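The values are calculated or read from the model by the stated rules, or taken from the named source; none is laboratory data. Just so it is clear, the model here is predicted, and its values are computed rather than measured. For neighbour counting, all protein chains shown are included, and Cβ atoms are generated from backbone atoms with ideal geometry for every residue, glycine included. Surface accessibility is based on the protein's heavy atoms, side chains included, excluding ligands, DNA and RNA. Shrake-Rupley method; radii C 1.70, N 1.55, O 1.52, S 1.80 Å.
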Amino acid sequence: MMNPKNLTTFVIIFLSLNVIQAQTKFEKEYRLKNSSVPANAQAFIDSLHFQEKVKWYFEENNTGNSIEAKFKTHKTKYSIEFDVDGKLQDVEIEIKWPDVSKSVQDQIITFLDANYGFFKIEKIQVQHSGASDSVLHFLNDKKTQDITTRYELIVKTRLIRKVVLFEIVFDEKGQHLSTAQIQFKNIDNLEY
Amino acid sequence: MSTKIFLGLIIFCASFIQNSDAQNDYRVGLLPAINVNKPLGRGWAVNFKYELRQFALQGDYSTSPVSTFKYDLSDFIFIASKKVGLNNSLSGGYLFRLRGTTVVHRTIQQFTIVNSYNAFRLAHRISTDQTFEPREPAEFRLRYRLTAELPLNGESVDPGEWYAKISNEYLNSMQDGIYDLEIRLIPLLGYQFTDNNKLEFGPDYRISSFLENAPRSVYWLSVNWFVKL
């Protein structure tokens, strides 16, 4: 039988080759100091009527980088996304299913029924985008002028005998816009 | 999760370890492990783990430790798992242990639930195993392990980032009609090279035989390398 030391050396060399091959995907999110936040992004947050503790994040990925401000107010989670120059991209607010209007609910359920035999809505976010002033006006005064509203749902369903999660986006009337399967992060170090 | 909170947890764990058995035997050693996982599709995966035990010191708290640097054993573990839900998996496997010329066989069954929250992940693992060793009665164990993984930067662990992983496990054992309980406390620091490649290291404290006898403690320096093919 192979000596344990020789076996260890063999396994380390074999796995090192795998490491080199695996380093192609790139996605990273990390905390950002307030001093590193672009002035116009900071000014947008400062203009909000609710002043909560804001956590800033920088996100790097294959499609582009962005800056996110995350905070919670009145038990509601907000995520406000800017480009790296501090220009507003969108505002995401976590909501509950009853917060969605009945007509939009009906449209969404009709789509899900038609496409998935089994489904469960795990999470809903409403997205608002548009000119910075319009979105700010909406957040502070709840006036919905000149902004685009979308619903982003995280839906659990089955695909080829396997449970999967989809991110499904609908417009403000509940019309389907896009579907993307969510790739799970590796949990081997928690399972074994 | 800030680094300060993680360091606080380490100090808390260390104080628990020191106070738990001030007058009893202990051993100190290295516990390196390589864990390779290969998904097979349709929720199936196979896992191979190789773990080596190397003792370095032993003694009791009233005398100076004696250096006993020697190789103890090697474990080869093969597990097949099937996802049975979004966060749940059911696994079964076999452990082959080599200690000198003695060969130990263990069959393993386990159920794991991993829940993701906004800023951490929590895993519950319930497992049973049956150990068969020559000239020893069979040992049957029921285990529960709770593990928390906390990113040290941002809200999730991403490539190129550090994380903390803290495990607490309770192992109920029955051998020849005698019950024993082992408790493990394992605060580790991890680094994610890629989503499929992680390295973790830190203390692994185990205490057993404390219900009716003098407690037996083992302090391992654990180094775990996780690779997904």
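Which one of the conditions (1) out of contact with any helix residue (DSSP H, G or I) (no Cβ under 7 Å at 6 or more places or on another chain); (2) of a type in the set (Phe, Trp, Tyr); (3) not in a loop (DSSP other than H, G, I, E, B) does B:Tyr205 fail to meet, given that it meets all the rest?
Against the list (1) out of contact with any helix residue (DSSP H, G or I) (no Cβ under 7 Å at 6 or more places or on another chain); (2) of a type in the set (Phe, Trp, Tyr); (3) not in a loop (DSSP other than H, G, I, E, B), B:Tyr205 comes up short only on (1).
Mind listing whichever residues of the range A:173-192 are farther than 30 Å from B:Ile166 by Cα and either within 13 Å of chain B (Cβ to nearest Cβ) or assigned to a strand (DSSP E or B) (or both)?
A:His176, A:Leu177, A:Ser178, A:Thr179, A:Ala180, A:Gln181
Going by the structure shown, is B:Gly100 of a type in the set (Gly, Ala, Ser) and either surrounded by 13 or more Cβ atoms within 10 Å (Cβ to Cβ) or within 20 Å of B:Asn37 (Cβ to Cβ) (or both)?
no
Checking A:Ser134 against (1) in contact (Cβ under 8 Å) with a residue 12 or more places away in the chain; (2) out of contact with any Lys or Arg (no Cβ under 9 Å at 6 or more places or on another chain); (3) not acidic (Asp, Glu), only one condition comes out false. Which one?
Evaluating A:Ser134 over (1) in contact (Cβ under 8 Å) with a residue 12 or more places away in the chain; (2) out of contact with any Lys or Arg (no Cβ under 9 Å at 6 or more places or on another chain); (3) not acidic (Asp, Glu) leaves (2) as the failure.
Would you please list the contacts, defined by Cβ atoms under 9 Å and residues six or more apart or on different chains, that run from a residue in the range B:30-50 that is more than 7 Å from chain A (Cβ to nearest Cβ) to a residue that is open to solvent by 50 Å² or more (accessible area, probe 1.4 Å) and polar (S, T, N, Q)?
Listed pairs, sorted by first residue: none to list.
Listed here are the residues, each with its yes/no results for (1) more than 18 Å from the chain's Cα centre (by Cα); (2) within 12 Å of chain A (Cβ to nearest Cβ).
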site	(1), (2)
B:Asn196	yes, yes
B:Leu199	no, yes
B:Pro215	yes, no
B:Trp225	no, yes
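Do we find a residue being open to solvent by 50 Å² or more (accessible area, probe 1.4 Å), in contact (Cβ under 8 Å) with a residue 24 or more places away in the chain, more than 30 Å from A:Glu68 (Cβ to Cβ) and more than 10 Å from every other protein chain (Cβ to nearest Cβ) anywhere in the range B:146-155?
The answer is yes, given that some residue of the range B:146-155 is open to solvent by 50 Å² or more (accessible area, probe 1.4 Å), in contact (Cβ under 8 Å) with a residue 24 or more places away in the chain, more than 30 Å from A:Glu68 (Cβ to Cβ) and more than 10 Å from every other protein chain (Cβ to nearest Cβ).
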